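Asks: Below you'll find the structure I mean.
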Amino acid sequence: MLYVGITQASLCDHLGGDARTSNLPGTLFFAMTAMPALLAWLSPRVSSLKRNLGLYYGASALMMASLAVTLAAPVSNQVKLAMVVLQGGVSGAVMPAAIALLWEVMGRGSDESRRGLALSMAFGAGPLLAVAGSFGQTALLGGNLFGLKFAGLDYPMNFIILFAAGVPVMGLAAIFAQFFVIQPVENEQKREPVSAVIGLLIGLPLLLAAVAFMQISTIHTPLAAEVSSSTTSLQGAFFRYAGYLCAVGSALSFIYHFREIFQQRVLLIATLVTVLVYAGNVIPSNMNLYSSEVLGDIPEKYAGVQNMLRFGFKVFAGVVLGWVLTRTNPKVGILATSSIFLVALIWAMLVTGPWYLVAFGIHGAGELVGVYAPNYIVSASRSDQLRRNMAFVTMLMVPAAPAGYLYGAIVDAVKQSGWTAFGMNSTSLGFRLSFLVCELLILSGIILAIRMLPARPRPTSSTMNPG
């Protein structure tokens, strides 16, 4: 449920949402990943790491409980859709913040030569629990799982139990986080004045406004089959361009806030590579929705097996890539995971029938770029820059967030226009075009990494103020 995308898209589809609405939880998840930078500024002390981890995991548990209650309540589907989107947003705020703190713990407590072993254990054995969770998801939502047929429970009980089951799990995470042993520092970093984070404080609300305006614009944009009025069209255009302006303003504000990072060449190039490749993180919603075209059943029936393949492949890839990292260099980790991402999208474009589901497994292995891109930046960061830099890394999903909206908009635009090609109907063509756009973004990141990133980055000796 915290890998916001497939499950939420299936639920939105069940509640009557279109492709853009179904992509909105994933889009808001990535948009809200700007929050860790703000939380890092509010609580910069190393001694607060364990407390903050407990709070973040607790907030995630509370949100899942609230969504389960809302689904059980006698309220409209619009309210339930809003709560699904909100759960995606809250997850986007607190879970990347927790991950940023976990990276800080690793950066402070382990040598670079030992990180490969740690990552191999965490992302090799860890996803086994996610496989078990996906098995439970299939049992609840229904579907076929490698020959086993599950009828599933009726809506809304299936989704209610699914999200409610995540509550005690996140509670355990909050408890286990208190067992970290963190070496105290002699001089705790103090919170900077508001003037030092003015770019962040302006950029975050502008980013949320951009997402809101873009979504509102879809309401005021008439479908091709409808008789459009000039007023409706003008309203749609107004909100759309307002969203563009807010997005540009948000980007400029964030660039200003993190300008010291952009002045370091290696970190700048690594940032560009990561943003381009992260565009693959928001494609699973479309991959799930495309299931009805290639497999002939509603998307939610395949959510469980998709997640099981996603995490099952990740188990194997996590072990292998961690072992590779212990014998190579941080750059290899980025290139390997990015290439796997690319293969997943090519598979999704070309394969139909039951074998299409393998694309989710390959994609799951590629998602480990979210581990190896941050590891590269950790290797290039000084210890006094870790919290700032890792909060910044979580924000690299923010510029990738509009890609999710773009993918959904491509599908809707092609369907509304009625385009067909190569024997495909407009729906299949729209989904495949969205996969192609994602492939081009990932490929651009791979080429940039090959040509411009050093194999073994080292922290800069700059004397700039790390705050």
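Asks: Quick one: putting +1 on the C-beta of Lys and Arg, -1 on the C-beta of Asp and Glu, what dipole do you get for the range 68-160 around its Cα centre, in Debye to the nearest 20?
Replies: That gives the range 68-160 a dipole magnitude of about 80 debye.
Asks: Where does the range 1-110 land on the Kirkwood hydrodynamic radius, alpha-carbon pairs, in angstrom?
Replies: Result for the range 1-110 stands at 14.7 Å.
Asks: What value, in deg cm²/dmol to 500, does the helix sum -39500 (n - 2.57) over DSSP H runs of n ≥ 4 give at 222 nm once divided by the residues of the chain?
Replies: -24000 deg cm²/dmol
Asks: Helix 127-141 versus the longest principal axis of the chain: what is the Cα-based angle in degrees, 0 to 90, to the nearest 10?
Replies: 20 degrees
Asks: Follow-up. Place +1 on the Cβ of every Lys and Arg and -1 on the Cβ of every Asp and Glu in the range 303-415, take the dipole about the Cα centre, and give the residue among T337, P399, S381 whose Cα lies farthest towards its positive end.
Replies: S381
Asks: Full-extension gain between V358 and L448, please, as 0.36 nm times their residue separation minus the C-alpha to C-alpha distance.
Replies: Taking V358 through L448 to full extension adds about 29.6 nm, to one decimal.
Asks: Can you tell me how the range 238-311 classifies by the Cα gyration tensor, rounded, prolate or oblate, using a/c under 1.5 as the rounded cut?
Replies: It is oblate, given that a/c is not under 1.5 and a/b is not larger than b/c.
Asks: Another question about this same structure. If you average over every viewing direction, what projected area does the convex hull of the Cα atoms of the chain give, in nm²?
Replies: Taking the Cα atoms of the chain, their convex hull projects to 21.9 nm² on average.
Asks: Another one. Where a Cα-Cα gap under 21 Å defines reach, which lysines qualify for K50, not counting those fewer than 8 residues away within the same chain?
Replies: K190
Asks: Let me ask something else about it. Could you size up the charge dipole of the chain around its Cα centre, putting +1 on the beta carbon of Lys and Arg and -1 on that of Asp and Glu, and report it in debye to the nearest 20?
Replies: 1060 debye
Asks: With a 1.4 Å probe and every protein chain left in place, work out the accessible area per residue of the range 242-322 in Å², rounded to a whole number.
Replies: Normalised by residue count, the accessible surface of the range 242-322 is 34 Å².
Asks: Using only the alpha-carbon atoms, how far is helix 330-350 inclined from the longest principal axis of the chain? Give it as 0 to 90 degrees, nearest 10.
Replies: 0 degrees
Asks: Over the range 45-189, what is the relative contact order in whole percent, taking alpha-carbon pairs under 8 Å and six or more residues apart?
Replies: In percent, rounded to a whole number, it is 45.
Asks: Could I ask something else about it? Ranked from highest to lowest mean number of other Cβ atoms within 10 Å per residue, what is the order of the peptides 320-326, 338-344, 393-399?
Replies: 393-399, 338-344, 320-326
Asks: Quick one: dipole size for the range 26-129, taken about the Cα centre, charges +1 on Lys/Arg Cβ and -1 on Asp/Glu Cβ, in debye to the nearest 20.
Replies: The calculation lands at about 180 debye.
Asks: Also: Taking only the Cα atoms of the range 40-185, how large is their convex hull per residue, in Å³?
Replies: 123 Å³
Asks: Under the 0.36 nm per residue contour assumption, what length would be gained going from the current alpha-carbon distance of F316 and V332 to full extension?
Replies: Gain in length upon complete extension: 4.1 nm.
Asks: Place +1 on the Cβ of every Lys and Arg and -1 on the Cβ of every Asp and Glu in the chain, take the dipole about the Cα centre, and give the residue among V358, V185, W323 whose Cα lies farthest towards its positive end.
Replies: So the residue we want is V185.
Asks: For the charge dipole of the chain, defined by +1 on Lys and Arg C-beta atoms and -1 on Asp and Glu C-beta atoms about the Cα centroid, which residue among I6, G445, G243 has the Cα displaced farthest towards the positive pole?
Replies: G445
Asks: Let me ask something else. How much of the accessible area of the range 171-212, in percent, comes from carbon and sulfur atoms when a 1.4 Å probe is used?
Replies: Reported share for carbon and sulfur atoms: 68 percent.
Asks: On to the next question. Would you mind working out the accessible area per residue for the range 21-175, using a 1.4 Å probe, and quoting it in Å²?
Replies: I get 41 Å² per residue for this part.
Asks: If I take every Cα pair under 8 Å that is 6 or more residues apart in the range 259-403, average their sequence separation and divide by the length, what percent do I get for the relative contact order?
Replies: Relative contact order comes out at 34 percent.
Asks: Per-residue counts of other Cβ atoms within 10 Å, averaged by peptide: what ranking do you get for 377-387, 196-206, 448-458, highest first?
Replies: Result, highest mean Cβ count within 10 Å first: 377-387, 196-206, 448-458.
Asks: If I fit a long axis through the Cα atoms of helix 386-395 and take the longest principal axis of the Cα atoms of the chain, what angle between them do I get, 0 to 90°, rounded to 10?
Replies: 10 degrees
Asks: For the range 322-467, compute Rg over Rh where Rg is the Cα radius of gyration and Rh is the Kirkwood radius from the inverse mean 1/r over Cα pairs.
Replies: My calculation of the ratio gives 1.07.
The values are calculated or read from the model by the stated rules, or taken from the named source; none is laboratory data. This one's a predicted model, so the numbers in the text were calculated from it and none came from an experiment. All Cβ positions, even for glycine, are placed from backbone atoms using ideal geometry, and neighbour counts span all protein chains on display. All accessible areas refer to the heavy atoms of the entire protein, side chains included, with ligands and DNA or RNA removed. Shrake-Rupley method; radii C 1.70, N 1.55, O 1.52, S 1.80 Å.
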